[in-house]
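Student: Sharing a structure here in structure tokens format.
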Amino acid sequence: MGCCKDLYPWQVYKLYESCFPDSPAPYQCSGMFHYDPSQVQIGHSFLKVRGQGHHHGNTERSLQILHHSLGPLESLMKCVEMNWMTILV
């Protein structure tokens, strides 16, 4: 294990727990997703919807997101919500 990219998520959690034994568990995405014409919500992240986006006038079409993508998308949305620079790699 020569680099941090070689760590698995459970190894990161074990390291966190060993450094901070009295702190609460790290936040896990709730998997909650809500979309309406005025906003999108994933977990604790909210973004306003401006215009009709890529619906091209069809408001009956639903937004589809894969369930396993909700965690990373919530983190990305929180960065945008807080006006933090986001870098996707």
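Student: Consider only pairs whose beta carbons are under 9 Å apart and that are at least six residues apart or on different chains; among these, list those whose first residue lies in segment 4-26 and is surrounded by 10 or more Cβ atoms within 10 Å (Cβ to Cβ) and whose second residue is assigned to a loop (DSSP other than H, G, I, E, B) and modelled with pLDDT of 80 or more.
Tutor: TYR16/SER23; GLU17/SER23
Student: Here are the criteria: (1) over 23 Å from THR86 (Cβ atoms); (2) among the hydroxyl-bearing types (Ser, Thr, Tyr); (3) modelled with pLDDT of 85 or more. Tell me which single one TYR13 does not satisfy.
Tutor: The single condition TYR13 does not satisfy is (3).
Student: Restricting attention to segment 23-36, does a residue exist that is within 11 Å of the chain's Cα centre (by Cα) and at pLDDT 85 or above?
Tutor: yes
The values are calculated or read from the model by the stated rules, or taken from the named source; none is laboratory data. What you are looking at is a predicted structure, and each value in this text was computed from that prediction instead of being measured. Here Cβ is always computed from backbone atoms with ideal geometry, including for glycine, and neighbour counts include all displayed protein chains.
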